[in-house]
Amino acid sequence: MPNFSQIKRVSDGEALLRAATPPFVAVNALYMAGDHLQNGLGWGGPTPPPGQEDEAIAQLARVWTPAPVVNECLENHVSGIAGREMAFEIVLSKPPPQLEEGTASPPDPNEKRRDEINAALGQWFDQNESLATIQEWASRLRWAGRGTLRLFIPPDAMVQDANGNYRLPPEVDSPEKALAYICLEAPNVEAAMVYTDPKSRRKCGLFRYNETPEPFDSLVPVMVKRRLEKVFVADADESNRGEGRPAIKKGQTVLQVLEPAETAAVNNGVITVNPLQLVDSDRVIMEVVFPCGGNSLIYESRLPLLFTDPVKRLQRALNLLNTLLAINATYAGFRSRDYFNATQPEIEEGGESEVASGPARAMFWYSQPYRVKKDDGTEGETKYFPPTLVTTEPVESGPLLELKSDYERQLRRAFRQEHTMNDGPQVSAVALIQRRAAFLISLLGTKPAVEDGMTWLQSTVWCFALYLCGKKDEIAEFQENFRATCTAKPYTGPLAPDEIRVILEMVKARLMPREVAAGLIGTEDLDAFIAAINEQDKNDPDMILLRSQIYAELRGAGEGKKASAAIAGMSEEQVTLLTTDYEGTPTP
């Protein structure tokens, strides 16, 4: 079907979104929000007896002490690939012409325009805090398996013209001004997707939302409007589309908002759908057809999950152990005492009394009386067992701590982040570098997706801005002369001095590629990094003294001046000063 006319209803889009959002997404989202208990579903210990679940969960919530290592690992992963400003820019799509040596190249007018576009996009990126949005999107790629980016204009930013159409204010006459009205968001996983038709392989962006009239009072029934935003790039021309509907040309971007022929009432926070009539398709309450360089305003990327079921089991086990350690610590500080045979039997009104449990409690257990018969067979005096005190001691925490450390190591290893374990000095620099290299490889799996998303963002937002300010004719010119690029900078975290030394030695010995070394160190220019270290060493008094001693030993052993200086790594000035002093001549 042309131009995705098969998605006719809001319910069609909702069904596609449900199919693309497995149940584990909601569970993982709770973990990412910090809710590891999840009303008892995250508890890995014994289950309470039937009928006592609510009371058990309430007691558990008081002592629940999660160890959110999975949150830290995912944050490290996102920070490692998108934690720093990425090198994104608009570049010339055509290389400069090859000229003969000594011939000055003529000025290219596109270079000035390129710089203006980059300045405008950079300002828009910073003002919209787009880096945080990109990080949120990148995080969803690894814990949900997919994530979407959406460009939109807030409804309140539009004004209504004489024909009743909503547009930007008339003073918006340049793409730089239009950028101020464009917003970027990373919708929730269940709210947006890019649907790929299985037959044609064409793509259609979907965004589902509810519109509630303001003001909203949860105690008063109001009508909620379910809506579906559908964005796609037309694959064919359509001219006869009915009265009032714009013609579509192939390659144009089409944005439609569907509203079903039904209403949804909200009463006390509960939404109920009331169909008014059964129709073949929902109403198209808004439709915009515009050129955007063949780009959609909704972008999606998918990656394999990092937050898998085995990882969740490790996290639940770690939460259990951490909670047990917290309970054990409570027993250590607040002992539980049972006094046996320390009180007289009593009959309490109202039936049996409740038996208290847990730390910082004392229970008095009454004694059962007994009598010892006399030799003549008669009953003797009534006696009681001697009172005793039993104190509940905390268990030895050593085994729990060892288990916790083991599970934490397994969890960090699943994210290729074993280098973040605090193993102390017993781990060599080479072993730490190997662990960092594994983390770097995992970051490289996310790198292309982030770079592609940033490339889409730059190109689409600029074409969108050109259309909004009335300069749609410049879109083709932009696409012909410019292209968007992005290079993410993987970062494995700060290195210890020994790690840097070993990395540089491995590069020098040709045991490590320079690109890998630059990624581990976190620098774009490895040569500049080495030069900066050498320059710093050159002026370090301790290093100067050490080199002087090496030079003196080499000279004393009969080595030549130049050779000794080269081996000692001394500058020409230092060699001159030291040579003069070495031969007994007063230093100037």
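FYI, it's all coordinate maths here, none of it is from the lab. What you see is a predicted model; the values in this text were computed from it and never measured. Backbone-built Cβ (ideal geometry, glycine too); neighbour counts: all protein chains shown.
Just a few scattered comments:
- Anisotropy class of region 59-201 from Cα gyration tensor, a/c 1.5 cut: oblate
- Order of 227, 409, 547 - criterion: other Cβ atoms within 10 Å of each residue's Cβ, fewest first: 409, 227, 547
- Residues of type lysines that residue 562 reaches as a straight line, Cα spacing below 29 Å, ignoring anything fewer than 8 places off in the same chain: 508, 538
- Counting neighbouring beta carbons within 10 Å and listing from fewest to most, the residues 384, 181 come out as 384, 181.
- Cross-link pairs 312/489; 230/471; 112/472; 225/447; 250/472 - those with Cα-Cα distance over 27 Å: 312/489; 225/447
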